[in-house]
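Derivation of every value follows stated rules applied to the coordinates shown; laboratory data play no part. What you see is a predicted model; the values in this text were computed from it and never measured. Please note: Cβ atoms are built from the backbone with ideal geometry, for glycine as well, and neighbour counts cover all protein chains shown.
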Amino acid sequence: MSKPRKILLAMDGSSHSEFAFEWYTTNLMKSDDQLVIVSALERHTGLSTALGSADIQSLCSILEEESDEHRILVNNLTKKLESTGLKGMVKTQLGKAGEVVVKVASEEHVDHIICGSRGHSQIRRTLMGSHSDYILHHAHVPVTVCRHPKHMHIATVAGSLNSLDNTDG
């Protein structure tokens, strides 16, 4: 008997990560899988404004609000795991999502990583970076990036433009 697979699923509460969860359960899931759902808490919403004004009360309020929102997300993810009857756990860490996913994947010795893709253009990914790009380039296990169907046209257009750019004529 082979050992159960350990699958890491990156989830942030977005429709893109929900699509990745659905894709996993429909296309890849095996009954003995161990699922590790990872959610990163990134500190960024409004922090630069609060830091710039040196308003400690505003800073504390923003940090508390972000923590509360993330706690609700983790509770919802735990309920989702339990309601589907999947074996596994929900892990959360402070940091950039891509870095957290790769770190947890290494710590948990996962066999496969699954994440969603927001469907950003190549220019936006180049300028701002992308969590899924980071995971693809830094993970030491296979990675599946699930692109939400409503963003498929972006990949098709980018692919068509790239093929045009690579022609010699």
* Structure fact -> Two pseudo-spin positions, 7 Å from Cα along C-beta at residue 108 and at residue 18, lie apart in nanometres by 2.1 nm
* **Label zone at residue 138, where the point sits 7 Å out along the Cα-to-Cβ direction: segment 1-33 residues whose backbone N lies under 17 Å** => 8-12
* **Bins of 5 Å, starting at 0 and running to the largest distance - Cα pair percent for segment 1-43** => 6, 20, 26, 23, 13, 7, 4, 1, 0
